[in-house]
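Engineer: Structure incoming, see below.
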Amino acid sequence: MTLLVTGGAGFIGSNFVLDWLAQSDERIVNLDALTYAGNRQNLALLDGDARHVFVHGDITDRKRVDRLLAEHRPRAVLHFAAESHVDRSIHGPGAFIKTNVEGTFTLLEAARAYWSALNGDEKAAFRFQHVSTDEVYGSLAPDAPAFSESHAYEPNSPYSASKAASDHLVRAWFHTYGLPVLTTNCSNNYGPYHFPEKLIPLMIVNALAAKPLPIYGDGLQVRDWLYVGDHCSAIRSVLARGRPGEVYNVGGWNEQPNRDIVRTICTLLDELRPDPAGPYARLITHVKDRPGHDRRYAIDARKIERELGWRPAETFETGIRKTVQWYLDHAGWVAAVQSGAYREWVDTNYNTR
Ligand code: NAD
Ligand code: DAU
């Protein structure tokens, strides 16, 4: 049996592929366009492993997707591929519409054609699983209840609007065509192979290079952090036992303001790699806020626990310690991802703030 994974060279996708093949011999065909965020090095542990077939290609290429489905006959499509960074969506929204909206549409149409031609058990077992985000629900007031699956969609950034559009397409393909879809809306992930444009890896790599740690605005924006391995286990649970047409919210029960996250990273680095120049917190700076910055996200993950028995295994304390240690142990990976294009992005996003 085979799974078709999209975006499996990115942060969460590569963690999913590695975790899956550590626990199962079911083959994975991994379709990834290798944008700036896609990295073959994330999958280096699978070099020479026949269970992993890497395909360099774009999800908006319908013919390519049709050929892959016909050739590999997957029992499910797991759709991770996306443009994923909010700040990049503010600077250049076009790529987000192309990949997140048009790409999801292309995959849905290809999957529908493939699934329609299946018979019997194969048809009944097929799943299209869409990996989405809590950002589609918008921003919460400080004392508002956490996002449940029935919360209104109120996306505020070009990124979250494009993901909201993709969620709506997935829902419509279930209701109109009966395509057996599953959607997960997850909170902020952190862990190994996280590209250092996002808060946690950026703060770790900047601190190690004695560069400023740029907190947007007052740093009191709240996110609900989940270790990436727990997100991967939630996706496996939903694939195995989720009900077609349903949405499952996935979160860490771990709301924290950005300021506290950055201080925790500094404290861990003070312990694990002390800097003779002084505590890492000396590098914290407050910079101009992100336009339209959502103030708070929090996930109510009771449905996935009640129906599928999933709960996160890591606490934030264990997960962030592992993560900081991973970055200390993988200096080669960190150096390789800080290419010219990465430095240009850092200039674009921070030097004009
Ligand atoms: P990422 O940016 O690290 O990786 C995205 C991957 O998709 C890359 O490998 C990239 O090369 C690939 N890709 C981009 N455009 C493509 C295209 N047109 N065709 C084929 N491949 C393409 O993203 P991530 O953080 O791993 O997120 C994965 C998914 O999970 C996304 O759908 C994102 O919206 C969702 N999500 C992310 C988080 C988070 O905290 N990172 C939380 C909840 C949901
Ligand atoms: O909630 C899930 C989402 O989490 C995913 O859908 C997105 O793909 C993922 O990128 C993430 O979005 P955020 O915008 O929450 O993540 P980011 O790491 O970019 O920022 C986290 C918080 O930290 C946010 O409030 C902005 C702030 N921040 C971020 C950066 C990069 C800073 O204060 N300074 C920074 O330099």
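Engineer: Looking only at the range 126-136, decide whether some residue is more than 14 Å from ligand 2 (Cβ to nearest atom), at pLDDT 95 or above and either touching an Asp or Glu at 6+ places or on another chain (Cβ under 9 Å) or not hydrophobic (A, V, I, L, M, F, W, C) (or both).
Structural biologist: yes
Matching residues to (1) at pLDDT below 95; (2) more than 7 Å from ligand 1 (Cβ to nearest atom); (3) touching a Lys or Arg at 6+ places or on another chain (Cβ under 9 Å):
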position: F11; (1), (2), (3): no, no, yes
position: V17; (1), (2), (3): no, yes, no
position: D25; (1), (2), (3): no, yes, yes
position: L45; (1), (2), (3): no, yes, no
position: V55; (1), (2), (3): no, yes, yes
position: R67; (1), (2), (3): no, yes, no
position: E83; (1), (2), (3): no, no, yes
position: R88; (1), (2), (3): no, yes, no
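Engineer: Applying the selection to the range 32-70, what residues are within 16 Å of ligand 2 (Cβ to nearest atom) and surrounded by fewer than 20 Cβ atoms within 10 Å (Cβ to Cβ)?
Structural biologist: T35, Y36
Engineer: Exactly one of these conditions fails for V86: (1) in contact (Cβ under 8 Å) with a residue 24 or more places away in the chain; (2) exposed (fewer than 15 other Cβ atoms within 10 Å of the Cβ); (3) farther than 28 Å from A240 by Cβ. Give me its number.
Structural biologist: Every listed condition holds for V86 apart from (2).
Listed here are the residues, each with its yes/no results for (1) within 16 Å of ligand 1 (Cβ to nearest atom); (2) over 13 Å from I204 (Cα atoms).
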position	(1), (2)
R263	no, no
H286	no, yes
K303	no, yes
T323	yes, no
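Engineer: Shifting gears a bit: If you go through the range 238-291, how many residues are part of a loop (DSSP other than H, G, I, E, B) and either out of contact with any Asp or Glu (no Cβ under 8 Å at 6 or more places or on another chain) or not basic (K, R) (or both)?
Structural biologist: Going residue by residue through the range 238-291, those that are part of a loop (DSSP other than H, G, I, E, B) are 242-246, 251-254, 273-279, 288-291.
Okay, now just the ones that are also either out of contact with any Asp or Glu (no Cβ under 8 Å at 6 or more places or on another chain) or not basic (K, R) (or both), so 242, 244-246, 251-254, 273-279, 288-289, 291.
So the count comes out to 18.
Engineer: Give the residue, chosen from W225, W253, that is of a type in the set (F, W, Y), within 16 Å of ligand 1 (Cβ to nearest atom), out of contact with any Ser or Thr (no Cβ under 9 Å at 6 or more places or on another chain) and under 25 Å from A152 (Cβ atoms).
Structural biologist: W253
Engineer: What number of residues in the range 332-347 are surrounded by 10 or more Cβ atoms within 10 Å (Cβ to Cβ), within 18 Å of R273 (Cβ to Cβ) and free of Cβ contacts under 8 Å to residues at least 60 places away in the same chain?
Structural biologist: The number of residues fulfilling the criteria is 1.
Engineer: Could you figure out which of (1) within 11 Å of ligand 2 (Cβ to nearest atom); (2) not in a helix (DSSP H, G or I) isn't true of M203?
Structural biologist: Going through the list (1) within 11 Å of ligand 2 (Cβ to nearest atom); (2) not in a helix (DSSP H, G or I), M203 breaks only (2).
Engineer: Within the range 88-116, count every residue that is of a type in the set (F, W, Y) and either within 16 Å of the chain's Cα centre (by Cα) or at positive phi (or both).
Structural biologist: 1
Engineer: On the given criteria, is D19 part of a helix (DSSP H, G or I), surrounded by fewer than 19 Cβ atoms within 10 Å (Cβ to Cβ) and either touching a residue at least 60 places away in the same chain (Cβ under 8 Å) or on the phi > 0 side of the Ramachandran plot (or both)?
Structural biologist: Spelling it out, D19 is indeed part of a helix (DSSP H, G or I), surrounded by fewer than 19 Cβ atoms within 10 Å (Cβ to Cβ) and either touching a residue at least 60 places away in the same chain (Cβ under 8 Å) or on the phi > 0 side of the Ramachandran plot (or both).
Engineer: Scan the range 117-162 for residues that are among the aliphatic types (A, V, I, L, M), surrounded by 12 or more Cβ atoms within 10 Å (Cβ to Cβ), more than 17 Å from the chain's Cα centre (by Cα) and farther than 16 Å from Q221 by Cα and jot them down.
Structural biologist: From the range 117-162, those among the aliphatic types (A, V, I, L, M) are 117-118, 124-125, 131, 136, 140-141, 144, 146, 152, 161; that's our starting set.
Now narrow it down to the ones that are surrounded by 12 or more Cβ atoms within 10 Å (Cβ to Cβ): 118, 125, 131, 136, 140, 146, 161.
Restricting the remaining residues to those that are more than 17 Å from the chain's Cα centre (by Cα) gives 118, 125, 140, 146.
Once the filter is applied, which keeps residues that are among the aliphatic types (A, V, I, L, M), surrounded by 12 or more Cβ atoms within 10 Å (Cβ to Cβ), more than 17 Å from the chain's Cα centre (by Cα) and farther than 16 Å from Q221 by Cα, the range 117-162 yields L118, A125.
Engineer: When only residues in the range 163-193 that are part of a helix (DSSP H, G or I) and of a type in the set (S, T, Y) count, which is nearest to ligand 2 (Cβ to nearest atom)?
Structural biologist: S166
The values are calculated or read from the model by the stated rules, or taken from the named source; none is laboratory data. Since the structure is predicted, the reported quantities are computational estimates derived from the model, not experimental observations. Ideal geometry is used to build each Cβ from the backbone, glycine not excepted, and the neighbour counts take in all protein chains shown.
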